[in-house]
1. What about A:Glu58, is it over 20 Å from A:Asp11 (Cβ atoms), open to solvent by 70 Å² or more (accessible area, probe 1.4 Å), within 8 Å of DNA strand C (Cβ to nearest atom) and more than 14 Å from chain B (Cβ to nearest Cβ)?
2. Can you give me the number of residues within the range B:21-47 that are at the interface with chain A (Cβ under 9 Å from one of its Cβ atoms) and closer than 24 Å to A:Asp4 by Cβ?
3. Please go through the range A:27-42 and give me each residue that is exposed (fewer than 15 other Cβ atoms within 10 Å of the Cβ) and polar (S, T, N, Q), ordered by number.
4. Any residue at all in the range B:57-77 that is farther than 27 Å from A:Gly71 by Cα and acidic (Asp, Glu)?
5. For the range B:15-26, which positions are open to solvent by less than 20 Å² (accessible area, probe 1.4 Å) and either touching a Phe, Trp or Tyr at 6+ places or on another chain (Cβ under 7 Å) or within 13 Å of DNA strand C (Cβ to nearest atom) (or both)?
6. Considering only residues that are charged (D, E, K, R) and within 9 Å of chain B (Cβ to nearest Cβ), which ones fall in the range A:1-20?
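The values are calculated or read from the model by the stated rules, or taken from the named source; none is laboratory data. For clarity, every value in this text was computed on a predicted model and none was experimentally measured. Here the Cβ positions follow ideal geometry from the backbone for every residue, glycine too, while neighbour counts run over all protein chains shown. Protein only, heavy atoms only, side chains kept; ligands, DNA and RNA dropped before computing areas. Shrake-Rupley method; radii C 1.70, N 1.55, O 1.52, S 1.80 Å.
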Protein chains: 2
Amino acid sequence: MRRDVFQAIADPTRRAIIGLIAIQAMTPNALAEYFDTTRQAVSKHLQILTECEIVRQEQTGREIYYHFNPGKMKEVADFVEPFRQLWEKRFDQLDHVLRKIKTTKK
Amino acid sequence: MRRDVFQAIADPTRRAIIGLIAIQAMTPNALAEYFDTTRQAVSKHLQILTECEIVRQEQTGREIYYHFNPGKMKEVADFVEPFRQLWEKRFDQLDHVLRKIKTTKK
DNA sequence: CTATTGCGCAACCAAAAAGTTGCGCATATA
DNA sequence: TATATGCGCAACTTTTTGGTTGCGCAATAG
């Protein structure tokens, strides 16, 4: 089972969950109200997000609050970053970018 | 069929293809040599990347070169950007970030 | 103690994705 | 022309997802 950040943000519902949780920690029930699905479905997404460590649980009595952990998002940023110059200034300083990609990968 | 950038970069093989093609345009056969799969499998990934407009075809005789189109990568960068401050300086200027997320979404 | 609420977990289902195989078309080579 | 190459496309199989339903457990409320 592939469980990385890229898989986590591939689903639009999960991206929305991340957006909501980044604003404030929430319980599965509270989150489910924002979507047109059941609590269990949201719960499954939260499980995936937890496995990817994008989200962190915090039990308070019988409620479980899910907090956002921004750390993993950096991985995505790091992947996109080398391409930035390609879309900002195209065909300019190209070899510098490529050297950057080569050393980053592998 | 969901066809967006996030789906495109969810697969590690596709991320590798993007990395290779960003360095220089390649044909499916040339690409396939880098991976432990068939040309057709690579071809399918290229098809998906083409639909997402991350990659662009260019026919030269009987060969088809796939070029990288960095434009779509910006969408990913735009998604991650609002969270940047959360992982750089945590709990600092938080409400500014949140306002940013709120206006970006929906 | 009993009832209710908030959960996770396991089993099951339908849909989508990833990969394979076989084909046909167009270009290049002899 | 005959043959080989590079490719896309379609059909099919297997694996992975996203979702639902039903259960049981722990914590609160009465």
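1. no
2. 2
3. Result: A:Asn29, A:Thr37, A:Thr38, A:Gln40.
4. Yes, because at least one residue in the range B:57-77 is farther than 27 Å from A:Gly71 by Cα and acidic (Asp, Glu).
5. Passing the criteria: B:Ile17, B:Ile18, B:Ile21, B:Ala22, B:Met26.
6. A:Arg2, A:Asp4, A:Asp11, A:Arg15
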